[in-house]
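Engineer: Pasting in a structure now, in structure tokens, and then I'll have a few things to ask.
Nothing in this text is a laboratory measurement; each read-out follows from the coordinates by a stated rule. Remember, it's a predicted structure, so these values are computed and weren't measured experimentally. Because the Cβ atoms are built from the backbone with ideal geometry, glycine has one as well, and the counts that use them run over all protein chains shown.
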Amino acid sequence: MPRLLIIEDEEDLLPPLVFSLKREGFDVVTAGNVTDGLRLARTDPLPDLLLLDWMLPDGSGTEVCRQLRRDPVTADIPIIMVTARAEEIDRVVGLEVGADDYVTKPFSTRELTLRVRALLRRVTAATPKRLEVDPEAHLAVLDGRSLELTTAEQRVLAYLIGAGRVVTREDIIDHAWEPDATPASVRAVDSVIKRLRKRLGDSEACIEAVRGAGYRFNPDAL
Ligand code: CA
């Protein structure tokens, strides 16, 4: 569920907007000023996208934008600036300080939702997913989401990633099988792979079956 942070001080605008975006399947957090906004923008889990009002009671949206872009932690968060009609002239400035898009008030929730989705798609397509697996540290994280793998699954996945080539089921048994796991067999390897793919969800295609040979990890399919 994508997490949106809305920094907006207009109290009339916020409740219907939050309601609609939640109904559209977004997780929504809000802040009414620069101070709270900056704090929430840096709080883990980071927002996937920020809706940023131009004029806030304790500062300007452009300043928020600049600060977030300067900080490596928040530099890549997609930002949509929200401007009132009177401030239209400043759109250019909004993009100059690092915003990715802007909407002009008054806007329909439908328009805003489309913009949000379009920007999220653009950003996701541009950024390769990151998969980190470290069985020693009991860690398997895909794009910031923990994969809940067993140690046996982590070992096999880490081996596939590290190998960088097609590995046979025997290779997996020899190099990645957990000593205490189910007795090693070709079938047991296949069932670990099957479980791994399931855990990888949308990214399951990154473990490719190579007919007559074995398996290969393909980072491009993450
Ligand atoms: Ca405002």
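Engineer: For the chain, what is the mean residue ellipticity at 222 nm derived from helices alone (per DSSP H run of n ≥ 4: -39500 (n - 2.57); sum divided by total residues; nearest 500 deg cm²/dmol)?
Structural biologist: On the way: 8 runs with 88 residues, N = 222.
The per-residue figure over the chain is -12000 deg cm²/dmol.
Engineer: Continuing with this model, one more query. Quick one: dipole size for the chain, taken about the Cα centre, charges +1 on Lys/Arg Cβ and -1 on Asp/Glu Cβ, in debye to the nearest 20.
Structural biologist: Working: 30 positive and 38 negative charges, 190 e Å.
Around 920 debye, computed over the chain.
Engineer: Next question, about the same structure. Bin all alpha-carbon pair distances of the stretch 131-221 at 5 Å intervals from 0 and give each bin's fraction as a whole percent.
Structural biologist: 3, 14, 29, 28, 18, 6, 1
Engineer: Continuing with the same structure: Out of residues 5 or more away from V82 or on other chains, whose amide H comes under 5 Å of its own, with H placed 1.01 Å from N in the peptide plane?
Structural biologist: Here L52, D53, W54, V103 satisfy the definition.
Engineer: Also, I was wondering about something else. Once the dipole of the chain is set up with Lys and Arg at +1 and Asp and Glu at -1 on Cβ about the Cα centre, which of A137, N218, T83 lies farthest towards its positive end?
Structural biologist: Most positive-ward Cα: N218.
Engineer: Distance from the Cα centre of the stretch 15-51 to that of the stretch 147-174, in angstrom?
Structural biologist: 38
Engineer: Now for a different question. With label points built 7 Å along Cα→Cβ from the Cα atoms of K194 and E208, find their separation and express it in nm.
Structural biologist: 2.3
Engineer: Additional query: If R₀ is 30 angstrom, what is the calculated FRET efficiency for the pair L120 and D12, using the beta carbon separation as r and rounding to 0.05?
Structural biologist: Values: r = 26 Å, r/R0 = 0.87.
Here the calculated transfer efficiency is 0.70.
Engineer: What's the Kirkwood radius of the stretch 89-182 in Å, using all Cα pairs?
Structural biologist: Kirkwood radius, the stretch 89-182: 17.2 Å.
Engineer: Taking K194 as the anchor, which aspartates and glutamates have their alpha carbon closer than 12 Å to its alpha carbon, excluding any fewer than eight residues away along the same chain?
Structural biologist: Within the straight-line cut-off, K194 pairs with E153, E204, E208.
Engineer: Could you give the nm distance between label points at D180 and D143, where each point is 7 Å from its Cα heading toward the beta carbon?
Structural biologist: With each label point 7 Å from Cα toward Cβ, the separation is 3.3 nm.
Engineer: For the stretch 3-126, what is the Kirkwood estimate of the hydrodynamic radius, computed as the reciprocal of the mean inverse distance between distinct Cα atoms, to one decimal in Å? Intermediate values should be presented prior to the final figure.
Structural biologist: On the way: mean 1/r = 0.0703 Å⁻¹.
About 14.2 Å for the stretch 3-126.
Engineer: Could you sort 73-82, 45-54, 157-166 so that the peptide with the highest average Cβ count within 10 Å comes first and the rest follow in order? Display every interim value, and only then the final one.
Structural biologist: Numbers: 73-82: 19.0, 45-54: 21.8, 157-166: 17.1.
My ranking of the peptides, most packed first, is 45-54, 73-82, 157-166.
Engineer: A further question follows. PRE reach from T104 (point 7 Å along Cα→Cβ): which of the stretch 56-81 fall under 17 Å by backbone N?
Structural biologist: Only 81 pass the distance filter.
Engineer: Looking at the chain, what % of the alpha carbon pairs are farther apart than 28 Å? Don't skip to the end; give the middle numbers.
Structural biologist: Numbers: 10847 of 24531 pairs.
So the pairs more than 28 Å apart make up 44 percent of the total in the chain.
Engineer: Taking only C-alpha pairs under 8 Å that are 6+ residues apart, what is the relative contact order of the stretch 3-126 in percent?
Structural biologist: Numbers: 193 pairs, mean separation 28.2, N = 124.
Over the stretch 3-126, the number comes to 23 percent.
Engineer: Let me ask something else about it. Testing the spin-label approximation: label points 7 Å from Cα along Cα→Cβ at T151 and L95. State their distance in nm.
Structural biologist: 5.5
Engineer: Counting pairs of alpha carbon atoms under 8 Å apart in space and at least six apart in sequence, what relative contact order in percent does the chain give? Don't jump to the answer; show the numbers that get you there.
Structural biologist: Values: 334 pairs, mean separation 27.0, N = 222.
Once normalised by length, the contact order is 12 percent.
Engineer: Another question about this same structure. So, by mean Cβ neighbours within 10 angstrom, what's the order for 170-178, 132-140 with the highest one leading?
Structural biologist: Per-residue mean Cβ counts within 10 Å order the peptides as 170-178, 132-140.
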